[in-house]
Amino acid sequence: MSWILVRVDDRLIHGQVVVAWGGRMRPARIWVADDAIAASDWERDLLVSAAPDSEVRVTTIAAAAAAWATEAVATFDRLNLGGLHYAPGKTKVNEYVYLDEQDRTAARALAARGVVLEAQDVPAARPEALVALDPGSAAS
């Protein structure tokens, strides 16, 4: 299995994902890892119907992690940060990425493993290294 994009986006599947990213990358499969959505038949069905040209798998975070672990080639060295919007306790990194301390801790852990975190909302935009936008997210 080949993973062409690993993206974090709090809106899950939406226009940018289907039209911009989907049009550029033509994914055979889109995985959504979200505990609340996986527990809701209605929301799960809505996401499946949002990307008619791709197989959509909606799973819990634990199930996605278990599936990921079984794929010998499922590694990634880049993580795309697409839309992490404002919520209480989060501070602005750029127009579409807001992070709290838990997010920064996770970013530092990924960076320590050699993963490059890039903010990029659409494929036509230039990716920006998270460490340049938010030095607190870098590994010390």
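The values are calculated or read from the model by the stated rules, or taken from the named source; none is laboratory data. These figures come from a predicted structure and were not determined experimentally. Cβ: placed from backbone, ideal geometry, glycine included. Neighbour counts: every protein chain shown.
In this structure, is Val32 of a type in the set (A, V, I, L, M, F, W, C), at pLDDT below 90 and closer than 22 Å to His85 by Cβ? Criteria not met by Val32. Going by the structure shown, is Asp121 touching a residue at least 40 places away in the same chain (Cβ under 8 Å), buried (at least 18 other Cβ atoms within 10 Å of the Cβ), more than 23 Å from Ile4 (Cβ to Cβ) and of a type outside the set (Phe, Trp, Tyr)? Answer is no for this residue.
Gly83 satisfies every condition listed in (1) closer than 26 Å to Gly15 by Cβ; (2) more than 16 Å from the chain's Cα centre (by Cα) except (2). Of everything listed in (1) assigned by TED's automatic domain parsing to the domain that holds Ala33; (2) over 16 Å from the mean Cα position of the chain (by Cα), the single unmet condition for Lys90 is (1).
Restricted to helices (runs of 4 or more DSSP H) entirely inside segment 2-112, those with at least 3 residues that are of a type in the set (A, V, I, L, M) and buried (at least 16 other Cβ atoms within 10 Å of the Cβ) are 41-50, 101-112. Beta carbons closer than 7 Å, at least 6 apart along the sequence or on distinct chains, pair a first residue in segment 1-25 that is over 18 Å from Asp45 (Cα atoms) with a second that is of a type in the set (Asp, Glu) and surrounded by 13 or more Cβ atoms within 10 Å (Cβ to Cβ) for Gln16/Asp121.
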